[in-house]
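Please treat every number below as a calculation from the coordinates, not as lab data. Since this is a predicted model, take the numbers as computed values, not measurements. In this analysis, Cβ positions are derived from the backbone assuming ideal geometry, glycine residues included, and neighbour counts consider all displayed protein chains.
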Amino acid sequence: IAEGDVLKSEEHAGPCMPVWWLCWDAASNSIVLAVRGTFGPTDVVTDALAKEVHFNDEHSNDEHLVHDGILRSAKHIYCEVLETLHSCQALQNGAHLVVAGHSLGGGVAALLAWMFRGAGGDIEALRKCLPESSQALADFRYPARCFCYGAPLTFSKSLATSMNAFVVNVIHNKDFIPQLSHKSLHDLRVRVSETAADVGADVAPDGRCDGLTVLMLNPGCQLHLCRRGRRWRWLEYLPLLAKRSLRHFHIGAWTPPGEHFSEVRPAFTMWFDHFPQAYAYVCQVFFERLLRRPGTRPSELSEVLRRLDATFRATSVSEERPAAPEEGSRSLRSQHGLKQIGRRMLSCRHLPRALLLLLLFSAVSALRLRVFRTHLTRILASSG
């Protein structure tokens, strides 16, 4: 995107005010609104406002539940960009409106698309957020589409399913952020407590709370991209640091049901798989391989995506040839015995380099977490 194609932006984050850019993309004839995910201490404050609040729907008279921080952020960006969208000549000439975001930004992007389309929401409440001279703009509708990457569980079931027609949420491998909500974390604590009690360990009181029983879902339709090592399974435990690393992996895609990610499943790469560059590399390589499949043309890609559940469920996509359907379903023990894995790891000449990279990456992550905690403590101390 050239500097002249940026129509409006906010590059300094604040609590419930994430960084975003409104751009013109000539290649796709689209106006793109991109919302950044959690990056600094102020974004952590937005994440921490995790209480589920009611959001009235004037169309269906329903009361939806939304993550408080995401609702505040979406309202803020909606009021900031609405006047620019109304005066945008490209939209009047038939350009598309696309909203995208990663992590926290993905949840905000999905709710923004819902607001732009007028699919629901408290229009009067949104109108009050606008300046008096711009309040009439809240009645305009834009057929926005949304692409989320790693968006968490932040919407009630009625609201999440109403977004299926225009929101796609891409989830990478073992990413654990799309599994997080009040209820999923509480259920994880209960499972850990029950397991500890079974082995005779001392555990704290359960502390069940009725307010944590609300089931929250990811927005829209889910597209889960999974990675499986072609030859060495231990590569699956390393972070994706370069696009070329994916030549060692099969990539499979499927569309799980809405409640599939409502339970936390800890995994070794659950943090690495959430990084934005990992999403970028996996999505690029997956669609490059998809377009190289016989009989697939770019004009048919949208139709292929609509049939993903039937076509690509449990099927690996490789560079040389499509994987056999049964290959993706073999168990780890049937493909590689534990002894085979041990021999390959010990004989692999790249293992020392991989371990060094993993240790270095872990040290950098720990340092960033310490800096975030320090900044967050200062913010909370100054606000108190």
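Some points to look at:
- Which listed pairs, of Lys8/Lys243; Lys8/Lys157; Lys51/Lys75; Lys51/Lys183; Lys8/Lys51, have C-alpha distances above 23 Å, in listed order: Lys8/Lys243; Lys8/Lys157; Lys8/Lys51
- Sparse-neighbour loop sites [trypsin sites (Lys or Arg not before Pro); the stretch 225-259; at most 13 other C-beta within 10 Å; DSSP]: Arg231
- Taking label positions 7 Å along the Cα-Cβ direction at both Ala48 and His248, the computed distance is 3.9 nm, reported to one decimal.
- Between the beta carbons of Asn29 and Leu241, assuming R0 = 45 Å, the FRET efficiency works out to 0.85 to the nearest 0.05.
- Shown here for the stretch 1-107: trypsin sites (Lys or Arg not before Pro) in loop regions (DSSP other than H, G, I, E, B) with at most 14 other Cβ atoms within 10 Å, namely Lys51.
- Length gained when the stretch Gln277-Ser193 is fully extended (0.36 nm per residue, less Cα-Cα span): 26.7 nm
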